[in-house]
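Presented below is the structure to which this report refers.
The values are calculated or read from the model by the stated rules, or taken from the named source; none is laboratory data. Bear in mind that the values here come from a model prediction, so they are computed numbers and not experimental data. For neighbour counting, all protein chains shown are included, and Cβ atoms are generated from backbone atoms with ideal geometry for every residue, glycine included. Ligands, DNA and RNA are excluded from the accessible area calculation, which covers all protein heavy atoms including side chains. Shrake-Rupley method; radii C 1.70, N 1.55, O 1.52, S 1.80 Å.
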Amino acid sequence: MRIRGKGAFLIPALFLLPSFVGFIVFSLIPMISSLGISFTVWDAVSGPPKWIGLENYEQILRGEEFWRVLRNTLYFIVLYLPLILVTSLAVAHLLNGKARGIGAYRVIYYIPVLTSWVAGSLVWRWLLSPEYGPINALLGYFGITGPGWLHDRNWAMPGIVIASIWKDMGFFGLILLGGLQGINPSYYEAAEIDGASGWQKTIRITLPLLSPSLLFVIVISLINSFQLFPQVMIMTKGGPLGATAVVVERIYQYAFRYYKMGYACGYSWLLFVIIFAVTLVQMRMQKRWVHYES
């Protein structure tokens with residue numbers, strides 16, 4: 001039955017109304033409020049906010065702390081992004097096979113995604129423990145002295161990266177698996193007739209046709225990386241000596257530990273500007289390397 005006239009607009013609008021109201025109440029209004037609060041001094045307890053203009057932003061940008069936590073965040077991204085791409089591609093390739101019980105393997109790889117960060121981080125704190133952790137015990141079996149991991153300022157961030165890779169590779173692996181299964185098999189059949197090697201098929205067919213999925217994975221990975229938080233709070237609390245302090249961890253500390261709501265909102269909006277700019281650059285750059293099959 002085809003609906004014409006006003007009904008064609010009203011019926012979809014009624015279905016969308018609950019989501020639209022939820023978006024306004026729980027996302028749009030808090031976002032606009034946080035922008036206003038970022039121009040004030042407010043502790044959320046003793047009276048109304050006091051307008052101070054751009055002072056919070058000036059203090060944040062002139063201070064050493066913002067640039068240090070931003071460097072820590074970028075350090076995480078430099079380690080995390082290539083590893084998550086490689087591991088996700090490996091997972092997608094493994095799950096794209098036709099082995100018996102492949103459906104069970106897909107569920108197993110997705111289990112870390114369903115695990116809460118609290119439980120996962122506690123497990124990884126134990127795994128990376130320099131005294132009792134099985135990872136250092138395994139290294140010791142081969143005669144290698146394991147590092148202090150979360151207690152060592154040089155190894156704490158790599159430890160968080162390892163835990164993040166474990167948590168995320170199943171999710172991104174399934175996205176890339178969908179991309180792999182969307183490639184028309186006739187391309188590979190034509191390449192085999194022409195005598196192409198496996199490497200040539202990967203470079204000339206798989207990666208170009210997988211590039212839209214790769215772009216999605218890179219964009220989402222970068223946004224998530226800039227918002228790095230739960231694993232840091234549970235595994236290191238920003239330590240040791242601030243080696244894993246990151247932008248969102250600072251926002252949480254200023255808002256809910258020091259009650260400097262205006263300062264925390266200033267941090268939040270600076271983070272938004274950074275993420276928006278990086279995403280904008282990625283979307284502009286995609287024209288050079290992303291191929292959409294037509």
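Scan segment 206-218 and tell me whether some residue there is under 30 Å from Leu61 (Cα atoms) and surrounded by 15 or more Cβ atoms within 10 Å (Cβ to Cβ).
Yes; the residues of segment 206-218 include at least one that is under 30 Å from Leu61 (Cα atoms) and surrounded by 15 or more Cβ atoms within 10 Å (Cβ to Cβ).
Taken over segment 140-181, residues that are within 27 Å of Ile108 (Cα to Cα) and open to solvent by 50 Å² or more (accessible area, probe 1.4 Å) amount to 5.
Being at negative phi, aliphatic (A, V, I, L, M) and open to solvent by 90 Å² or more (accessible area, probe 1.4 Å), is that true of even one residue in segment 240-251? Within segment 240-251 (the criterion being at negative phi, aliphatic (A, V, I, L, M) and open to solvent by 90 Å² or more (accessible area, probe 1.4 Å)), the answer is no, since none of the residues qualifies. Within segment 98-123, if we keep just the residues that are under 12 Å from Ala163 (Cβ atoms) and free of Cβ contacts under 8 Å to residues at least 24 places away in the same chain, the residue that is most open to solvent (accessible area, probe 1.4 Å) turns out to be Val123. Among the residues making up segment 227-242, those that are farther than 14 Å from Leu122 by Cα and in contact with a Phe, Trp or Tyr (Cβ under 9 Å, 6 or more places away or on another chain) are Leu228, Phe229.
Please work out if Leu83 is within 27 Å of Lys167 (Cα to Cα), part of a helix (DSSP H, G or I), in contact with a helix residue (DSSP H, G or I) (Cβ under 6 Å, 6 or more places away or on another chain) and open to solvent by 80 Å² or more (accessible area, probe 1.4 Å).
So Leu83 fits the description; yes.
Annotation for segment 32-41: at least one member residue is more than 30 Å from Gln181 (Cβ to Cβ) and exposed (fewer than 12 other Cβ atoms within 10 Å of the Cβ).
State whether one or more residues within segment 175-196 are of a type in the set (Ser, Thr, Tyr) and within 19 Å of Asn72 (Cβ to Cβ). Taking every residue of segment 175-196 in turn, none turns out to be of a type in the set (Ser, Thr, Tyr) and within 19 Å of Asn72 (Cβ to Cβ). Among the residues making up segment 124-139, those that are assigned to a helix (DSSP H, G or I) and either free of Cβ contacts under 8 Å to residues at least 12 places away in the same chain or open to solvent by less than 90 Å² (accessible area, probe 1.4 Å) (or both) are Trp124, Trp126, Leu127, Pro134, Ile135, Asn136, Ala137, Leu138, Leu139. Taking first residues from segment 142-162 that are in contact (Cβ under 8 Å) with a residue 12 or more places away in the chain and over 18 Å from Val123 (Cβ atoms) and partners that are of a type in the set (A, V, I, L, M) and buried (at least 16 other Cβ atoms within 10 Å of the Cβ), the Cβ contacts under 6 Å between residues at least 6 apart in sequence or on separate chains come to Arg153/Ala243. Does Ser129 satisfy the condition of being under 25 Å from Ser221 (Cα atoms) and among the small types (Gly, Ala, Ser)? No, not satisfied.
Scanning segment 144-190 for residues that are of a type outside the set (Asp, Glu) and in a loop (DSSP other than H, G, I, E, B) yields Ile144, Thr145, Gly146, Pro147, Gly148, Arg153, Asn154, Trp155, Gly182, Ile183, Asn184.
From the list Ile251, Ile223, Ile275, pick out the single residue that is out of contact with any Pro (no Cβ under 8 Å at 6 or more places or on another chain), more than 20 Å from Leu85 (Cα to Cα) and either part of a helix (DSSP H, G or I) or hydroxyl-bearing (Ser, Thr, Tyr) (or both).
Details: Ile223 fails: more than 20 Å from Leu85 (Cα to Cα); Ile275 fails: more than 20 Å from Leu85 (Cα to Cα).
The unique qualifying residue is Ile251.
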